[in-house]
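In what follows, a single structure is set out as structure tokens and then discussed.
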Amino acid sequence: MNGLQAGDKLAILTSGGDAPGMNAAVRDAVAVALPLGLQVLGVRNGYQGLLDDKIEPLGRRDVEGWIRRGGSVLGTARCLRFHEAEIRAQAAAHLRARGVTGLVVIGGNGSLAGAHAMASELGADGEPLRVIGVPASIDNDIACTSLSIGVDTALNTIVEACDRILDTASAHSRTFIVEVMGRACGYLGMTAAVAAGADGVLFPEAKLDEAALVERVAAIIDHAYAPEVGRRRVLIVKSEGVAMASGELKAAVDVRLAEMGIPVETRVTVLGHVVRGGSPSATDRLIAGRLAHAAVRGLTLGLSDVMVGWHVLRMPGLPEGRLFDTDPYVSFWPLDDVLRETARIADGTSPLTQWRVRLLREAAPYLSC
Ligand code: F6P
């Protein structure tokens with residue numbers, strides 16, 4: 001497939017849940033594309049904007065200051081209608097009418113599925129549209145990238161929140177269950193628990209049923225306040241994908257503690273969307289820039305239907321990618337493979353998920369999980 005050349009047009013969109021660093025990626029894609037003679041069009045509100053034909057030129061000045069902005073300045077959306085072939089054909093027609101031959105999609109699992117589907121549509125030159133995905137989601141549930149854009153910022157936000165909660169928890173000798181986002185993936189919960197110095201972590205990959213969850217939390221509390229351990233507070237990080245609502249877990253744990261004769265006050269804090277907002281960390285800005293650079297360069301190399309991945313771990317049973325010559329931290333991965341492996345991360349059968357859990361148990365033996 002021919003790569004994009006000077007004079008060609010690429011469109012860029014952010015889609016799905018916003019992630020800190022998405023704006024930095026758009027800004028850097030513009031910064032890389034313009035000196036190559038490419039024209040850049042920004043799409044408002046993700047795939048929905050393609051349907052509504054909300055597509056406008058993006059210049060260097062338009063993206064001024066975007067490197068430090070959270071959320072998505074272009075706007076983002078979860079567009080369920082994009083699963084329908086006729087709807088996608090309409091979107092592709094809007095791109096062709098604007099003379100677009102390349103598309104960069106910045107987003108998570110659903111967004112990358114949309115990118116894969118768009119790679120079968122035709123661009124303005126009558127050739128298949130060249131489409132490159134850039135992984136962005138705080139959940140770190142996308143395969144073929146060791147980090148997605150937004151993960152580092154979200155993790156830092158959670159750890160800061162836990163540090164604050166621990167101050168008040170210690171003052172009152174309380175136990176806090178802190179729920180963090182992450183959908184079906186426990187990555188944010190696990191890594192935040194380690195970095196925050198938590199006593200325990202609950203994540204979906206452990207597949208504990210309700211009774212086991214209650215026993216686990218009660219045991220963590222019992223152990224921590226025992227005289228020989230002497231904790232003044234207990235912190236348990238709980239991933240949102242765990243199969244029991246945090247309020248119900250607290251209520252059941254309170255009953256169990258009363259049965260055990262442990263007079264401890266428990267509280268629940270659900271961090272929710274607080275974790276998704278905010279200015280991106282330096283690491284997220286740098287990763288966003290490097291992935292955006294590779295995405296634009298990938299289009300000029302004639303690549304399509306691929307995702308750019310950051311510093312990918314190689315392990316048996318995982319797909320193979322193609323290294324980006326200019327930046328050995330970045331590689332290109334067929335979207336087909338990315339989507340298949342991402343589904344295995346969601347259901348816990350991916351070797352990557354299993355390794356994460358093994359590593360946590362071995363390297364953080366002080367953390368009950
Ligand atoms: O995928 C990012 C994420 O923040 C998940 O962690 C969470 O489950 C979901 O999006 C929340 O989505 P919404 O903002 O649509 O409620």
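Taking Cα atoms only, the orientation of helix 22-33 departs from the longest principal axis of the chain by about 30 degrees.
Relative to one another, the C-alpha centroids of the stretch 36-101 and the stretch 190-205 are positioned 37 Å apart.
What is the diffusion coefficient of the chain in µm²/s, taking the Kirkwood radius over Cα pairs and the Stokes-Einstein relation at 25 °C with a viscosity of 0.890 mPa s? For the chosen part, D equals 114 µm²/s.
Calculation over all alpha carbon pairs of the stretch 152-277 in 5 angstrom steps from 0 returns a P(r) of 2, 12, 24, 25, 20, 12, 4, 1, 0 percent. Taking Cα atoms only, the orientation of helix 109-118 departs from the longest principal axis of the chain by about 20 degrees. In loop segments of the stretch 233-330 as defined by DSSP, the GluC sites (Glu not before Pro) with at most 14 further C-beta atoms inside 10 Å of their C-beta are Glu265, Glu320. With the cut-off at under 14 Å, measuring from each backbone N in the stretch 172-192 to a point 7 Å along the Cα-to-Cβ line of Asp254 picks out 175-177.
Can you work out the FRET efficiency for the pair Thr349 and Asp53, with r the C-beta to C-beta distance and R0 = 51 Å, to the nearest 0.05? After rounding to 0.05, the efficiency reads 0.80.
Solvent-accessible surface (1.4 Å probe) assigned to Arg314 amounts to roughly 130 Å². The alpha carbon gyration tensor of the stretch 141-222 gives principal lengths a ≥ b ≥ c with a/c of 1.5 or higher and a/b no greater than b/c, which makes the shape oblate.
For the stretch 35-103, trypsin sites (Lys or Arg not before Pro) meeting the loop criterion (DSSP other than H, G, I, E, B) and having at most 11 other Cβ atoms within 10 Å: Arg61. Helical runs assigned H by DSSP (4 residues or longer) give the chain a calculated mean residue ellipticity at 222 nm of -13000 deg cm²/dmol, each run adding -39500 (n - 2.57) before division by the residue total.
Accessible area per residue for the stretch 193-273 is 46 Å², calculated with a 1.4 Å probe on protein heavy atoms, without ligands, DNA or RNA. Of the GluC sites (Glu not before Pro) in the stretch 1-104, the ones in a loop by DSSP (not H, G, I, E or B) with at most 15 other beta carbons within 10 Å are Glu64, Glu84. Split the accessible area of the chain by element, probe 1.4 Å, and carbon with sulfur accounts for 51%. The string of couplings for the stretch 263-279 from the Karplus curve (6.51, -1.76, 1.60, θ = phi - 60°) is x, 10, 8, 10, 9, 10, 10, 9, 6, x, 6, 3, 6, 8, x, x, 5 Hz, one whole number per residue in order, with x for Gly and Pro. Less than 5 angstrom separates the built amide H of Val270 from those of Glu179, all sequence-distant by 5 or more or on a different chain. Computed from backbone phi, the HN-Hα couplings of the stretch 69-83 come to 8, x, x, 9, 5, 5, x, 9, 6, 9, 10, 5, 5, 5, 5 Hz, rounded to whole numbers (Karplus: 6.51 cos²θ - 1.76 cosθ + 1.60, θ = phi - 60°; Gly and Pro given as x).
Sorting Leu122, Leu208 on solvent-accessible area from highest to lowest, probe radius 1.4 Å, gives Leu122, Leu208. Note on Lys250: accessible area approximately 60 square angstrom, rounded to 10, probe 1.4 Å, nucleic acids and ligands left out. Spin-label model, Glu86 to Ala226: label points 7 Å out along the Cα-to-beta-carbon direction sit 6.6 nm apart. Rounded to the nearest 10 degrees, the angle from helix 210-225 to the longest Cα principal axis of the chain is 60 degrees.
Extension gain for Thr283-Arg322 works out to 11.7 nm (0.36 nm per residue, less the C-alpha to C-alpha distance).
Using R0 = 41 Å, the C-beta based FRET efficiency linking Thr168 and Arg61 works out to 0.35.
With protein chains left intact and a 1.4 Å probe, residues in the stretch 1-84 average 42 Å² of accessible area per residue. For the peptides 291-303, 11-23, 135-147, the ranking by mean Cβ contacts within 10 Å, running from highest to lowest, is 11-23, 135-147, 291-303.
The values are calculated or read from the model by the stated rules, or taken from the named source; none is laboratory data. Being a predicted model, the structure only gives us computed values, none of them experimental. For neighbour counting, all protein chains shown are included, and Cβ atoms are generated from backbone atoms with ideal geometry for every residue, glycine included. For accessibility, only protein heavy atoms count, side chains too; no ligands or nucleic acids. Shrake-Rupley method; radii C 1.70, N 1.55, O 1.52, S 1.80 Å.
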